[in-house]
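Q: So that we are looking at the same thing, I have put the structure below in structure tokens.
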Amino acid sequence: MIEYQREFVDKCCSGLCRSCQKQGLMPVLDLGPMPLSDGLVSKTQLDHVDRKYPLELAYCPNCSLVQILETVPPEMLFCDDYPYYSSFSDALLSHSRENAMNLIDRRGLNGESLVIELASNDGYLLKNFVEKGIPVLGIDPAQGPAKEAEAIGVPTMCTFFTRDLARKLRSQGNRADVIIANNVLAHVADTNGFVQGIKLLLKDDGVAVIEVPYVRDLVDHCEFDTIYHEHLCYFSVTALDRLFRRHDLYLNDIEKLSIHGGSLRLYLEHRESPKSSVRSMLEEEAREQIDQYPYYENFHQSVQTIRSQMRQMLSGLKASGKTIAAYGAAAKGTIMLNYIGADSELINFVVDRNIHKQGKYLPGVRIPIFEPERLMRDKPDYVVILPWNFKDEILSQQTSYRMTGGKFIIPIPSPAIV
Ligand SMILES: [Zn+2]
């Protein structure tokens, strides 16, 4: 039995579950104060102190939802400078295109249909429907990505999706054949309101297709760096089933996906008619006791082990005169490097293909971000892959660096050199 800090335990006990609203959460992991993972620091902000917020994970014994305790106001996370543009990842683009084509086919979508995407970002997914002449509406609060979506012909409302917005759209005659929400359900503070909004906006025979990271992959592969302030919830199928059922939406099909380190694609409808995929995953979760607290109890220990192994590996390399850089200024990277305490003394720089990130610094650890070509120019001996979920894509893009003897370090599920 792990000894948690009294303060953390008390905070869990008094906190309300984001889904079932019951009190009495149980402690899982305390990562300590962390900066906002996407809050990249510009040159003019270098003399400011990066604000840090507690990052604590807890489990609800009533509905089995794993969640963080702190809610940072969404305006601070997703607006103005939000640097995440989906179109910078080739893997995500092809994953999205395939998803769109399947939906068009499966649901027989045409010029009379309406596809709405919540958190549509830069139109990376909806553009596939637009190409086929299917009407779409994107909803996303981040101005930069929303503007780029409009520029490529994807109509986009630049705002947060809420129950009230759903009600307004419905009263204007908009109801969707398909509602897509990829990697956003875990981000919203009003979890129940978001699901109610989907219920309101979905046609009677419509389908909502939702992708969320799977809590089982988080725990089994020790993906602790996917825990950050934007990610409020970490779902199991059991927790999702209980959440949707509360709002008369039914989980009728599930696919397991390998993207983002392990995700679920859920198909929801107004009427219950579950395929065997749903029944078998619920049974599997009951068998593995994913709906029981002890399943989460050793996670804390495994995370600390990765921290000490990474520290040991990096400081050992540094002590023997090796130079180290990192690849991918993703949110994961902020958490990984801040948690293991690797600053610019240890890691000289990070490279990233996203031009909006280049020239800035990772928050907390203040490591500068450059363009990927820098790897060939400076030839560091080792490069830590921070977005390890895209490691295959990154390794194949970096063949020439590897040919010159450069090595990569992959931190998760346990630190390895390739
Ligand atoms: Zn709950």
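Q: Going through the stretch 24-42 one residue at a time, which ones are surrounded by 16 or more Cβ atoms within 10 Å (Cβ to Cβ), assigned to a loop (DSSP other than H, G, I, E, B) and within 16 Å of the ligand (Cβ to nearest atom)?
A: Passing the criteria: only Leu25.
This table checks each residue for (1) modelled with pLDDT of 85 or more; (2) more than 16 Å from the ligand (Cβ to nearest atom); (3) surrounded by 20 or more Cβ atoms within 10 Å (Cβ to Cβ).
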position: Ser64; (1), (2), (3): yes, no, yes
position: Cys79; (1), (2), (3): no, yes, no
position: Ser87; (1), (2), (3): no, yes, no
position: Glu98; (1), (2), (3): yes, yes, no
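Q: I need the full set of residues from the stretch 334-365 which are more than 18 Å from Pro380 (Cα to Cα) and in a helix (DSSP H, G or I), in order please.
A: Thr334, Ile335, Met336, Asn338, Tyr339, Ile340
Q: When you go through Asp140, Asp164 one by one, which is the residue that is under 23 Å from the mean Cα position of the chain (by Cα) and charged (D, E, K, R)?
A: On the way: Asp164 fails: under 23 Å from the mean Cα position of the chain (by Cα).
When all the criteria are applied, what remains is Asp140.
Q: Go over the candidates Leu264, Leu282 one by one and state the one that is more than 16 Å from the ligand (Cβ to nearest atom) and in a helix (DSSP H, G or I).
A: Details: Leu264 fails: in a helix (DSSP H, G or I).
Sole residue among the options that is more than 16 Å from the ligand (Cβ to nearest atom) and in a helix (DSSP H, G or I): Leu282.
Q: So which residues in the stretch 232-287 are free of Cβ contacts under 8 Å to residues at least 24 places away in the same chain and of a type in the set (D, E, K, R), if there are any at all?
A: Step one: of the stretch 232-287, the residues free of Cβ contacts under 8 Å to residues at least 24 places away in the same chain are 245, 255, 258, 271-273, 275-276, 279-280, 283-284, 287.
Those that are free of Cβ contacts under 8 Å to residues at least 24 places away in the same chain and of a type in the set (D, E, K, R): Arg245, Glu255, Arg271, Glu272, Lys275, Arg279, Glu283, Glu284, Arg287.
Q: Now for a separate question. Based on what the data block shows, is Gln45 more than 23 Å from the chain's Cα centre (by Cα) and within 16 Å of the ligand (Cβ to nearest atom)?
A: Numbers: more than 23 Å from the chain's Cα centre (by Cα): yes; within 16 Å of the ligand (Cβ to nearest atom): no.
No.
Q: Mind checking which residues of the stretch 8-23 are touching a residue at least 24 places away in the same chain (Cβ under 8 Å), more than 9 Å from the ligand (Cβ to nearest atom) and within 20 Å of Ala189 (Cβ to Cβ)?
A: Lys11, Cys12, Gly15
Q: A follow-up question, please. Condition check: crowded, with 20+ Cβ neighbours inside 10 Å and closer than 23 Å to Gly123 by Cβ. Does Ile210 satisfy that? Before you say what the answer is, go through the steps one by one.
A: On the way: crowded, with 20+ Cβ neighbours inside 10 Å: yes; closer than 23 Å to Gly123 by Cβ: yes.
Answer is yes for this residue.
Q: Looking only at residues in the stretch 101-117 that are in a helix (DSSP H, G or I) and hydrophobic (A, V, I, L, M, F, W, C), which one is surrounded by the most Cβ atoms within 10 Å (Cβ to Cβ)?
A: Looking at the filtered set, the residue picked out is Leu103.
Q: Being basic (Lys, Arg) and more than 30 Å from Arg242 (Cα to Cα) is the filter here; which residues of the stretch 283-319 pass it? Spell out how you get there, then give the answer.
A: Step one: filter the stretch 283-319 for residues basic (Lys, Arg), giving 287, 307, 311, 318.
Result: Arg307, Arg311, Lys318.
Q: Further, regarding this structure: So, in the stretch 187-207, how many residues would count as being modelled with pLDDT under 95 and of a type in the set (A, V, I, L, M, F, W, C)?
A: 2
Q: Scan (1) surrounded by 24 or more Cβ atoms within 10 Å (Cβ to Cβ); (2) closer than 19 Å to Asp105 by Cα for the single condition Ala149 breaks and write down its number.
A: (2)
The values are calculated or read from the model by the stated rules, or taken from the named source; none is laboratory data. Just so it is clear, the model here is predicted, and its values are computed rather than measured. Quick reminder, even Gly has a Cβ in these numbers, built from the backbone with ideal geometry, and neighbours come from all protein chains shown.
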